[in-house]
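Below is one structure, written out as structure tokens; the observations come after it.
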Amino acid sequence: MPDIPGRAAVGTAAAGTATVSTAAAGTAPASPAGSSAAGSSTVGSPAPSDGAGSSAAATTGPGPLLYPFARPAAPAGSQLRIVRGEGAHVVDDSGRRYVDALASLWYCAAGHGRREIADAVSRQMRELEAFHLFERFTNPPAEALAARLAALAPMPDARVFFTCGGSEAVDAAVKLARIAHAQAGAPERTIVISRAPSYHGVTYGGTSLTGLPANQAGFGPLVGDVQQVPKDDLAAVEAVLTASPGRVAAIIAEPVIGAGGVYPPVAGYLAGLRDLCDRHGAFLILDEVITGFGRLGAWFGAEHFRVRPDLVTFAKAVTSGYQPLGGVLAGPAVHGPLTRDEEFVLRTGNTYAGHPTACAAALANLDILAGEGLVERAGAVGDRLAAGLRAVAERHELADVRGRGAVWAVELPPGRTAPAVRDAMLARGVICRPIGTSILAFCPPLMIADSDVDACAQALEDALRAV
Ligand SMILES: Cc1ncc(COP(=O)(O)O)c(C=O)c1O
């Protein structure tokens with residue numbers, strides 16, 4: 001990995017130190033629910049006494065479950081045990097109800113407990129629970145979902161490649177970009193440009209493309225031919241393209257950086273990336289794992305920003321999390337070269353790609369998003385949330401309030417730590433997410449009621465008064 005110019009990972013500890021709980025600035029940075037402070041000093045600290053995280057008494061050992069993006073040494077029972085979900089709320093095992101202000105991990109757009117999706121899954125499981133898509137098989141839900149996604153895609157004539165989640169989608173997009181160039185006679189186009197502080201997942205490909213050094217530290221050699229530049233810096237992208245003429249396969253960018261800290265792009269940036277790709281023969285990959293399926297008030301962030309990508313990665317809200325599913329939308333510049341040689345075989349794909357039960361969940365979820373106007377509703381949710389957060393910012397001198405559509409973040413002033421404020425918000429019945437030590441992210445279900453949006457800002461206000 002080359003050094004990452006520009007800023008260090010958001011709110012992270014120095015890469016290579018052992019402060020695991022603050023170092024992970026990806027989807028699950030900072031201390032797990034139930035620990036009240038950030039940093040290595042929290043190792044073994046008890047659950048807070050503020051009323052949240054009281055699901056189970058902490059025991060001395062960590063237990064058999066090794067939690068992702070969490071401290072392996074955290075005692076079993078220090079986590080908040082979520083047992084039920086309904087709409088924009090979840091309930092823990094002591095009966096406490098919370099507003100799910102991050103839609104679980106940025107995915108539950110349709111809200112929890114949707115019977116329509118459960119019924120679709122159950123129906124499909126009774127008919128055909130699973131069958132693969134490798135040569136020479138297909139299944140009706142995978143075909144129907146591909147047709148539906150191709151029609152929604154932010155580029156004409158798209159084809160759909162399914163994976164099981166977002167990280168695999170990112171890997172698949174890069175593989176498709178490279179193999180398309182190879183099939184078009186340019187196998188030397190292998191470099192992928194990504195940005196800091198982006199988040200692209202946890203496979204070795206996704207880890208290598210992620211612009212958060214703390215998420216890369218300790219995992220050994222990463223994937224080659226990745227060059228990172230700071231976000232919003234078109235000159236830095238152009239410098240890589242001109243330094244390696246004919247070598248760049250693709251640029252990958254989240255339309256709005258999500259798990260790296262919620263950063264919308266500066267005006268004209270994504271259009272500038274498109275222009276650079278066109279001039280230098282590289283593909284534009286938009287990683288829409290968070291922004292896809294309505295988060296920005298359009299089906300895709302590409303539409304919202306009026307930019308045409310060559311590849312789009314998706315996951316999360318495609319099923320609202322009811323089944324694990326991800327994938328890639330590929331435009332004609334990518335899939336065209338793959339069909340030129342009739343004998344060419346695309347030798348990549350997951351066992352569960354196009355899993356019919358996951359696809360049935362996606363189809364039912366898309367019916368809900370479309371039928372209930374939730375894509376259009378994202379703007380209203382975001383406007384109300386932003387107004388509430390800005391009002392809190394005025395009273396508490398927050399360093400920043402930023403976002404787009406229905407994904408927002410606040411940056412806390414010095415002296416406040418995001419995990420501590422998060423814990424105080426948990427005690428007040430709202431789940432948001434700390435990113436590093438200074439950022440709190442909000443990304444609620446799109447069906448959330450106005451009163452619950454207001455509860456998010458109120459809980460932040462009350463928490464800031466309390467900590
Ligand atoms: C932009 C982006 N890409 C990729 C991923 C990885 O997705 P998954 O966790 O489903 O592998 C995420 C997860 O948060 C993401 O936000």
Residues with amide H under 5 Å of Val229's amide H, sequence separation 5 or more or different chain, H placed in the peptide plane at 1.01 Å from N; which? Ser194, Arg195, Ala196
Determine ³J(HN,Hα), in whole Hz, for all residues of region 64-77 in sequence, where each value follows from phi through the Karplus function 6.51 cos²θ - 1.76 cosθ + 1.60 and θ = phi - 60°; x replaces Gly and Pro. x, 7, 8, 7, x, 6, 8, 6, x, 7, 4, x, 4, x
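Could you give the dipole magnitude of region 115-371 about its Cα centre, charging the beta-carbon of Lys and Arg +1 and that of Asp and Glu -1, in debye to the nearest 20?
Values: 20 positive and 25 negative charges, 33 e Å.
Once rounded to the nearest 20, the dipole reads 160 debye.
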Bins of 5 Å from zero: percent of alpha-carbon pairs in region 115-371: 1, 7, 14, 18, 20, 17, 12, 7, 4, 1, 0, 0
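How big is the equivalent ellipsoid of the chain along its three axes, where each semi-axis is √(5λ) from the Cα gyration tensor, reported in whole Å from largest to smallest? Could you put the intermediate results ahead of the total?
Working: eigenvalues 239, 136, 90 Å².
Each semi-axis is the square root of five times an eigenvalue, giving 35, 26, 21 Å.
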Between helix 234-243 and the chain: long-axis angle, C-alpha atoms, 0 to 90°, nearest 10: 40
Once amide H atoms are built 1.01 Å from N in the peptide plane, which residues 5 or more positions from Ala399, or in another chain, come under 5 Å H to H? Glu411, Leu412
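Out of all DSSP beta bridges in region 235-353, what portion is antiparallel? Express it as a percent rounded to 5.
Working: 5 of 12 bridges.
For region 235-353, the DSSP antiparallel bridge percentage is about 40.
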When the Karplus curve 6.51 cos²θ - 1.76 cosθ + 1.60 is applied with θ = phi - 60°, which whole-Hz ³J(HN,Hα) does each residue of region 440-447 get, with x for Gly and Pro? 10, 9, 10, 7, x, x, 6, 8
Can you run phi through the Karplus equation (6.51, -1.76, 1.60; θ = phi - 60°) for region 455-467 and list ³J(HN,Hα) in whole Hz, with x for Gly and Pro? 5, 5, 5, 5, 5, 5, 4, 5, 5, 5, 5, 8, 9
Have a look at the DSSP beta bridges in the chain and tell me what percent are antiparallel, nearest 5. 65
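Restricting to region 115-371, what percent of DSSP beta bridges are antiparallel, rounded to 5?
Percent antiparallel among DSSP bridges in region 115-371 is about 40.
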So if a site counts as exposed when it's one of the trypsin sites (Lys or Arg not before Pro), its DSSP state isn't H, G, I, E or B, and it has at most 10 other Cβ atoms within 10 Å, what's the longest stretch of the chain without one? 137-346
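Just how many % of Cα pairs in region 202-335 lie over 19 Å apart, if you round to the nearest whole percent?
Values: 4645 of 8911 pairs.
Every Cα pair in region 202-335 considered, those over 19 Å come to 52 percent.
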Work out how much length Arg279 to Asp383 would gain on full extension: take 0.36 nm times their residue separation and subtract the Cα-Cα distance, in nm to one decimal. 33.8 nm
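Coordinate-derived values only; no laboratory data. A quick note: this is a predicted structure, and the numbers were derived from the prediction, not measured. Positions of Cβ are backbone-derived with ideal geometry, glycine not excepted, and every protein chain shown enters the neighbour counts.
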